[in-house]
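Below is one structure; the comments refer to it alone.
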Amino acid sequence: MTRLVRRTVLGSALAAPFIRTARADPIEMRVSVDTTPSHGRTQSIADFVKKLEAATRGQIVPRLFDSGQLFADRDVIKALVLGQVEMAAPGTWLVSAYVPDADLAQLPVFYGQPVDVIHRAIDGIPGDLVNQQITSKLRVAIPGRWIDLGYTNWYSTRRPLTSLNDLKGLKIRNGGGFAQAWRARFFGGIPNLTAWPDVPLALSQGTFDALQSTDESCASAKLWDAGLHFGLIDHQFMGDYIPMISGTFWSRLTPALRILMTDLWAANVGAYRDNLAAAQDKAEATLKARNVRLTYLAPEELAEQRNRMMADQEKVAHEMKISPDILARVMEAATASN
């Protein structure tokens with residue numbers, strides 16, 4: 001399709017609702033997330049499916065299932081492949097179980113880095129190559145750019161976190177993938193894998209002492225009620241959610257509907273990223289208001305720790321199963337951003 005034709009379709013699709021034919025039956029679309037209704041990802045996906053239904057005049061009828069009603073994120077990719085759900089947005093750390101390169105933002109080179117450095121990679125050639133792998137291996141469609149969750153940090157219950165040394169000996173929950181567990185071990189912690197819907201109860205019961213998460217995730221789940229008291233802010237990596245659409249569902253859509261969906265995503269994902277960033281700022285204030293004591297690592301400390309990690313980057317990339325080509329592309333992007 002030429003650019004002129006595509007711009008014409010884009011303009012008409014977003015400027016006016018898609019006209020549903022009289023004979024077309026509505027196409028049902030189950031959408032699964034395991035975060036709560038107040039979480040930024042849930043709100044972003046809810047906004048997208050609402051706009052999608054309106055733009056198609058009900059030709060696509062989405063139904064959003066939040067809070068893990070259908071699947072926890074650790075299981076939702078398999079559900080997409082099996083046609084048990086039509087859309088999801090799992091975290092890169094979970095996608096890495098199928099496409100290891102998806103976890104590229106957790107490489108040591110990104111530890112404590114500004115957001116524009118990460119975006120240069122995930123929105124550039126490295127991200128494009130990852131998307132190609134995902135669509136090929138998992139038989140899903142990716143409508144466009146990833147949604148930033150925000151920076152992951154450390155949070156604890158009983159032990160105050162005033163420096164990275166305070167992580168030693170703590171049992172630390174993570175959301176999956178090699179890199180988070182590696183980082184916990186790097187600072188002397190003991191990794192623990194717990195699905196997000198189970199975190200509040202597990203935290204309150206002492207199943208783990210601390211967790212790797214974000215301000216927004218902790219605040220939206222009200223983890224202070226489960227005993228959260230301390231946070232160490234180091235921006236260890238930028239988590240992202242990758243929007244995925246079941247290949248079976250995608251194949252049922254007309255070319256015009258596919259274009260509408262991708263164009264609608266492109267028109268809104270920037271706002272979703274901005275909203276999540278604002279939600280992180282608001283959540284930070286909320287945590288403080290709930291007497292969660294936050295300690296911030298200085299830029300010099302972050303740079304020092306990043307340099308320490310970089311000594312192991314080749315080893316880490318190998319263990320993460322990051323391909324040499326992706327690693328090279330990531331280093332090009334990171335260098336170009338500095």
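The values are calculated or read from the model by the stated rules, or taken from the named source; none is laboratory data. The model shown is predicted, which means the values in this text are computed figures rather than measured ones. All Cβ positions, glycine included, derive from the backbone under ideal geometry; neighbour counts span all protein chains shown. With ligands, DNA and RNA removed, areas are computed over all heavy atoms of the protein, side chains included. Shrake-Rupley method; radii C 1.70, N 1.55, O 1.52, S 1.80 Å.
Each row is one residue, and each column tells you yes or no for (1) farther than 20 Å from residue 89 by Cα; (2) touching a residue at least 24 places away in the same chain (Cβ under 8 Å); (3) outside any helix (DSSP H, G or I); (4) touching a helix residue (DSSP H, G or I) at 6+ places or on another chain (Cβ under 8 Å).
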{"site": "240", "(1), (2), (3), (4)": "no, yes, yes, yes"}
{"site": "276", "(1), (2), (3), (4)": "no, yes, no, yes"}
{"site": "288", "(1), (2), (3), (4)": "yes, no, no, no"}
{"site": "303", "(1), (2), (3), (4)": "yes, yes, no, no"}
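Here residue 245 clears all of (1) open to solvent by less than 20 Å² (accessible area, probe 1.4 Å); (2) in a helix (DSSP H, G or I) except the condition numbered (2). Of everything listed in (1) closer than 25 Å to residue 237 by Cα; (2) open to solvent by 30 Å² or more (accessible area, probe 1.4 Å), the single unmet condition for residue 57 is (1).
Candidates in the range 305-332 are the residues that are in contact (Cβ under 8 Å) with a residue 40 or more places away in the chain and outside any helix (DSSP H, G or I); of these, the one that is farthest from residue 156 (Cα to Cα) is 323. Summed over the range 220-232, residues that are open to solvent by 10 Å² or more (accessible area, probe 1.4 Å) and touching a Ser or Thr at 6+ places or on another chain (Cβ under 7 Å) total 6.
Just one of (1) assigned to a helix (DSSP H, G or I); (2) crowded, with 19+ Cβ neighbours inside 10 Å; (3) of a type in the set (Gly, Ala, Ser); (4) at pLDDT 95 or above fails for residue 217. It is (4). Listed by first and then second residue, the pairs with beta-carbon distance under 8 Å, at least 6 apart or on different chains, first residue in the range 173-186 and at positive phi, second among the aromatic types (Phe, Trp, Tyr), are 176/93; 177/93. Note on the range 45-54: residues that are over 16 Å from residue 27 (Cβ atoms) and surrounded by 20 or more Cβ atoms within 10 Å (Cβ to Cβ) total 1. Taking the range 190-213 as the range and being within 22 Å of the chain's Cα centre (by Cα) and among the polar types (S, T, N, Q) as the test, the residues that pass are 192, 194, 212, 213. Those helices (runs of 4 or more DSSP H) of the range 113-196 in which at least 1 residues are open to solvent by 10 Å² or more (accessible area, probe 1.4 Å) and closer than 28 Å to residue 288 by Cβ, considering only elements entirely within it, cover 115-122, 178-186.
All of (1) more than 26 Å from residue 97 (Cβ to Cβ); (2) touching a helix residue (DSSP H, G or I) at 6+ places or on another chain (Cβ under 7 Å); (3) not basic (Lys, Arg) hold for residue 166 with one exception: (2).
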